[in-house]
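So the structure is just underneath, and the comments pick up after that.
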Amino acid sequence: MLMLITYDVNTQDAAGRRRLRRVAKACRDFGQRVQFSVFECEVDPAQWTALRARLLGEIDQSTDSLRFYHLGANASRRIEHAGAKPALDLDGTLVF
Amino acid sequence: MRQHLNTMFVTTEGAWLAKDGANIVVEVERREIGRVPMHMMGGIVCFGRVGMSPPLMGACAEAGVTVSFLTEHGKFLARVEGPCSGNVLLRRRQYRVADDPDAGLVIVRAIVTAKTANQRAVLRRALRDHGSSMAETGRAGLDDAQRRLGDVARRVIEAGSIDVARGHEGDAANAYFGAFDHLIRRDDDVFRFRGRSRRPPLDACNALLSFLYAMVGHDCRSALESVGLDPQVGFLHRDRPGRAGLALDLMEEFRPVLADRVVLTLINRQQIGPKDFTYMEGGAVLLRDDSRKAVLAAYQERKKDEITHPFLNEKVSLGLVPHIQAQLLARHLRGDLDGYPPFLWK
């Protein structure tokens, strides 16, 4: 299933910038960065549980926010892209 | 059921693969050109001069991502393997069956029958789809070969020994490749098929076939490894150091379906042209570096085609079939299935 994850992490202090880095890293381990604070992650339910727990452990609930959008299994039909930064189709042919 | 995970192909000379967190990162001249999360990958295939960091190799071995290194022409060089895993009892059973001519014969018969039947299916499909627009000689040639393959398939079922079955396989190959040229519907001398040649391939068609067989071989090997079978100990192919005998056995059924059909599509739909090959002195014909991409894309697309598996009666993608067949083979070796149900394509 495809998950869309977006976040806002308060970066006023060093601890906040550290949280931001760590949140981004967790998302990147499981998916692809499509915009600055937006990740698409193709995960199975077990991987999703792990990722969600890891993200919730990183943030400070009083200042940061996370939003998870469940796009389901047929996600590619629900996404339209325009402009720069085209995302890589990770299920498609990968030839580098 | 195992998911059909993607395979990553790295064909850029001098590319470097490294691990960053749980990502596989592809760099060319220190510039990042690709980044993929490891859990979405089933295999990595590197062509030519491609480097990989030891931490990534370790992580791949641990995560069950098969890594193969091939020459730029697709010849197998090396693979990265983790600690010996899988089921010892299953592997022991595999060796015993390989040493027992009677037990092995059951499997060999199934494999050769299915390969022959699938070759016949390729010819029959061509006759059905394009028979009416073919020249008289072509149609007659295909029809004759198709009949001979049917005969061979029936005779293999009664083969009394593995060597007899090997002989039948040779007959089938002669009939099939003898008629293969009629399947090419393009009036270009470059793509004439004059019999199977390899090491080196002597024409464009053979170059494509050899390249795709190497790809199917990689997939079959990973499939066998993931069910815990030893890819080197085969039944139809005799043991030889460094040869993945069982992977070659397993791929026999898929050659016509996964590789030959893709070659025909690429040529007949003009997705590949005479300029996509290098012609060496001495007659060897090789696929050009930059043309490999089109072939790999066509192969990956082919693997996504959905079929109904004849034995399981379930809808699956063609790319998953080697994994299913490896599982069925393991079940037969363990004694859960009386025979090995090979893959028959319709």
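The values are calculated or read from the model by the stated rules, or taken from the named source; none is laboratory data. Computed from a prediction, not measured in an experiment: that's the story for all the values here. Ideal geometry is used to build each Cβ from the backbone, glycine not excepted, and the neighbour counts take in all protein chains shown. All accessible areas refer to the heavy atoms of the entire protein, side chains included, with ligands and DNA or RNA removed. Shrake-Rupley method; radii C 1.70, N 1.55, O 1.52, S 1.80 Å.
Points worth noting:
- Filter result for B:Leu248 (open to solvent by 10 Å² or more (accessible area, probe 1.4 Å), modelled with pLDDT under 90, aliphatic (A, V, I, L, M) and in the same structural domain as B:Lys293 (by the TED database)): yes
- The criterion of at least 3 residues that are more than 14 Å from every other protein chain (Cβ to nearest Cβ) and within 20 Å of the chain's Cα centre (by Cα) is met, among strands (runs of 3 or more DSSP E) falling completely within the range B:24-127, by B:66-70, B:76-80.
- Of all residues in the range A:52-69 being open to solvent by 90 Å² or more (accessible area, probe 1.4 Å) and over 15 Å from the mean Cα position of the chain (by Cα), the one that is nearest to the other protein chains (Cβ to nearest Cβ): A:Gln61
- Every residue from the range B:153-183 that is among the basic types (Lys, Arg) and in contact (Cβ under 8 Å) with a residue 12 or more places away in the chain: B:Arg155, B:Arg166
- Residues located in the range B:16-35, provided they are open to solvent by less than 10 Å² (accessible area, probe 1.4 Å) and at pLDDT 90 or above: B:Leu17, B:Asn23, B:Ile24, B:Val25, B:Val26
- Single condition B:Val233 does not satisfy, out of (1) in a helix (DSSP H, G or I); (2) over 25 Å from B:Gly138 (Cα atoms): (1)
Rundown of residues vs (1) modelled with pLDDT of 80 or more; (2) out of contact with any strand residue (DSSP E or B) (no Cβ under 9 Å at 6 or more places or on another chain); (3) part of a loop (DSSP other than H, G, I, E, B); (4) surrounded by 20 or more Cβ atoms within 10 Å (Cβ to Cβ), yes/no style:
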{"residue": "B:Ala172", "(1), (2), (3), (4)": "yes, yes, no, yes"}
{"residue": "B:Ala175", "(1), (2), (3), (4)": "yes, yes, no, yes"}
{"residue": "B:Asp181", "(1), (2), (3), (4)": "yes, yes, no, no"}
{"residue": "B:Arg185", "(1), (2), (3), (4)": "yes, yes, yes, no"}
{"residue": "B:Pro201", "(1), (2), (3), (4)": "yes, no, yes, yes"}
{"residue": "B:Phe211", "(1), (2), (3), (4)": "yes, no, no, yes"}
{"residue": "B:Glu225", "(1), (2), (3), (4)": "no, no, no, yes"}
{"residue": "B:Arg238", "(1), (2), (3), (4)": "no, yes, yes, no"}
{"residue": "B:Pro256", "(1), (2), (3), (4)": "yes, yes, no, yes"}
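- The residue list B:Ala159, B:Ala121 contains one member that is open to solvent by less than 70 Å² (accessible area, probe 1.4 Å) and over 19 Å from B:Val257 (Cα atoms), which is B:Ala159.
- All told, A:Ala24 falls short of being open to solvent by 60 Å² or more (accessible area, probe 1.4 Å) and of a type in the set (A, V, I, L, M).
- Residues in the range A:70-96 that are away from chain B (no Cβ under 14 Å) and either surrounded by 14 or more Cβ atoms within 10 Å (Cβ to Cβ) or of a type in the set (Val, Ile, Thr) (or both): 2 in all.
- Within the range A:28-38, if we keep just the residues that are open to solvent by less than 40 Å² (accessible area, probe 1.4 Å) and at the interface with another protein chain (Cβ under 10 Å from one of its Cβ atoms), the residue that is nearest to B:Ala59 (Cα to Cα) turns out to be A:Asp29.
- Restricting the first member to the range B:57-72 and to residues that are assigned by the TED database to the domain that holds B:Pro37, and the second to residues that are of a type in the set (Asp, Glu), the beta-carbon pairs closer than 7 Å and six or more apart or on different chains are B:Ala61/B:Glu81; B:Thr66/B:Glu225; B:Glu72/B:Asp289.
- Qualifying residues in the range B:269-313 (those that are open to solvent by less than 40 Å² (accessible area, probe 1.4 Å) and of a type in the set (S, T, N, Q)) - the one farthest from B:Val216 (Cα to Cα): B:Ser291
- Verdict on B:Leu329 being out of contact with any strand residue (DSSP E or B) (no Cβ under 6 Å at 6 or more places or on another chain), touching a residue at least 12 places away in the same chain (Cβ under 8 Å) and under 28 Å from B:Arg124 (Cβ atoms): yes
- Flag if A:Phe68 is among the aromatic types (Phe, Trp, Tyr), closer than 24 Å to B:Val26 by Cα and in a strand (DSSP E or B): no
- Residue match in the range B:151-158 (condition: in the same structural domain as B:Ala114 (by the TED database), among the aliphatic types (A, V, I, L, M) and within 20 Å of the chain's Cα centre (by Cα)): no
- One residue from A:Leu66, A:Leu71, A:Leu56 being among the hydrophobic types (A, V, I, L, M, F, W, C), out of contact with any Ser or Thr (no Cβ under 7 Å at 6 or more places or on another chain) and within 30 Å of B:Lys293 (Cβ to Cβ): A:Leu71
- A:Asp8 meets the conditions (1) touching a helix residue (DSSP H, G or I) at 6+ places or on another chain (Cβ under 8 Å); (2) open to solvent by 90 Å² or more (accessible area, probe 1.4 Å); (3) within 17 Å of A:Tyr69 (Cβ to Cβ) in every case but one. The failed one is (1).
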